[in-house]
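The next block holds one structure in the form of structure tokens; read it before the comments.
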Amino acid sequence: MIKNPIPWPNGARCACSLTFDMDADSLIHVDYPHDGNRRVSAISMLRYGPTVAIPRIVDTYRELGIKQTFFTPAWCMEQYPGAIEAILSGGNEIAHHSYIHENPLEQTRDDEAHWLDVGIDVHVRMTGRKPRGWRAPLYNFSENSLDLLLERGFSYDASLMGNDIPYVVKSRISGGELIELPSHWGLDDWPQYVQSFDLDYMMPVRSPRSGFEIFEQEFEAAYAYGGLWIPVIHPFATGRLSRWHVFRQFLERVLERGDVWFAPLEEIAAYTRELIDSGGYKPMVELLPQYDKPAGRVLPRR
């Protein structure tokens, strides 16, 4: 089913990383820059992530003996230093996820570069080192994102959806390469659990177990065929008590198998890069941006 499987370390059947996007209430302030502070209920829902869910999630990882990746807007890092300390204390990775969840597709190259740099500065100040990975807000990877990341020494991206296993994205401009660790919307908890008038998203909310079924089925396919399982989940949603209870039970069952590799994305990217450089794996390579100009549209013939 996967024509070019990657040999995972120590005979693991698949690689996994539960990636939490700790957006907190940046989502409100970026959507409502002039009156976001008035939306008290929505802010309370999103603050649940860093104040209640993050300590719960980090404790679970510590008890299970795993380390994972948290993508965090730099503004949220500044607003919730306690959550950042908790994540780091567990040995988990904190990766770049914008400054305040701004949309790269709505920015000029200079603006995207500026806020990327502002975020890097916050990471250095609060974590002691530059981030190695990046995920675009709402997967909005722009035509400039790859080159900006390469210029700043990033080792991987986790915004794209072009494969079931790690692959390489190559710059059409510079020829530079980055490891891509893909996911997709079927592994995002937004359609399963998020309902908010303020965020303009009103999906039918699933029960904890029925909402989790899609994640479990995706995992079982990755396990069967040697894939990469990267849920894109949010503390305020999946970190809720009942939902995290279901996730924890699943993690306990999977860890008992003994042949699943749970690791932060930076470790998966480093392993992939080393394997490529040693000749042990020949990945798919995608040139970005895929097109150098708009395709246009069909116009009426005259």
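Among the numbered criteria (1) farther than 19 Å from His123 by Cβ; (2) crowded, with 18+ Cβ neighbours inside 10 Å, which one does Tyr139 miss?
It fails just one condition, (2).
Being in a helix (DSSP H, G or I), surrounded by 19 or more Cβ atoms within 10 Å (Cβ to Cβ) and either touching a residue at least 40 places away in the same chain (Cβ under 8 Å) or touching a Ser or Thr at 6+ places or on another chain (Cβ under 7 Å) (or both) is the filter here, so list the residues in region 211-232 that pass it.
Selection gives Phe219, Ala222.
Which of (1) touching a helix residue (DSSP H, G or I) at 6+ places or on another chain (Cβ under 6 Å); (2) open to solvent by 60 Å² or more (accessible area, probe 1.4 Å); (3) not β-branched (Val, Ile, Thr) does Leu241 not meet, given it meets every other one?
Of (1) touching a helix residue (DSSP H, G or I) at 6+ places or on another chain (Cβ under 6 Å); (2) open to solvent by 60 Å² or more (accessible area, probe 1.4 Å); (3) not β-branched (Val, Ile, Thr), only one is false for Leu241: (1).
Looking at region 272-302, which of the residues that are in a helix (DSSP H, G or I) and in contact with a Phe, Trp or Tyr (Cβ under 8 Å, 6 or more places away or on another chain) is farthest from Gly227 (Cα to Cα)?
Out of the qualifying residues, it is Leu275.
If I filter region 285-293 for residues that are under 25 Å from Cys76 (Cβ atoms) and in contact (Cβ under 8 Å) with a residue 40 or more places away in the chain, do I get at least one hit?
no
Which residue is nearest to Tyr167 (Cα to Cα), if the candidates are limited to region 244-271 and must be among the aliphatic types (A, V, I, L, M) and open to solvent by 50 Å² or more (accessible area, probe 1.4 Å)?
Ala270
Do we find a residue being in a helix (DSSP H, G or I) and within 30 Å of Tyr48 (Cα to Cα) anywhere in region 168-182?
Checking region 168-182: not a single residue is in a helix (DSSP H, G or I) and within 30 Å of Tyr48 (Cα to Cα).
Any residue at all in region 126-133 that is outside any helix (DSSP H, G or I) and buried (at least 23 other Cβ atoms within 10 Å of the Cβ)?
Yes, region 126-133 has at least one match.
Tell me, yes or no, whether region 253-260 has at least one residue that is out of contact with any Phe, Trp or Tyr (no Cβ under 9 Å at 6 or more places or on another chain), in a loop (DSSP other than H, G, I, E, B) and within 25 Å of Gly90 (Cα to Cα).
yes
Here are Met45, Met1: which of them is more than 19 Å from Glu266 (Cβ to Cβ), at pLDDT below 95 and aliphatic (A, V, I, L, M)?
Just a single option satisfies the conditions, and that option is Met1.
The values are calculated or read from the model by the stated rules, or taken from the named source; none is laboratory data. Bear in mind the structure is a predicted one, so any value in this text is a computation, not a measurement. As a convention, Cβ positions derive from the backbone with ideal geometry for all residues, glycine included, and neighbour counts pool all protein chains shown. Side chains are part of the model used for accessible areas, which takes the heavy atoms of the whole protein and leaves out ligands, DNA and RNA. Shrake-Rupley method; radii C 1.70, N 1.55, O 1.52, S 1.80 Å.
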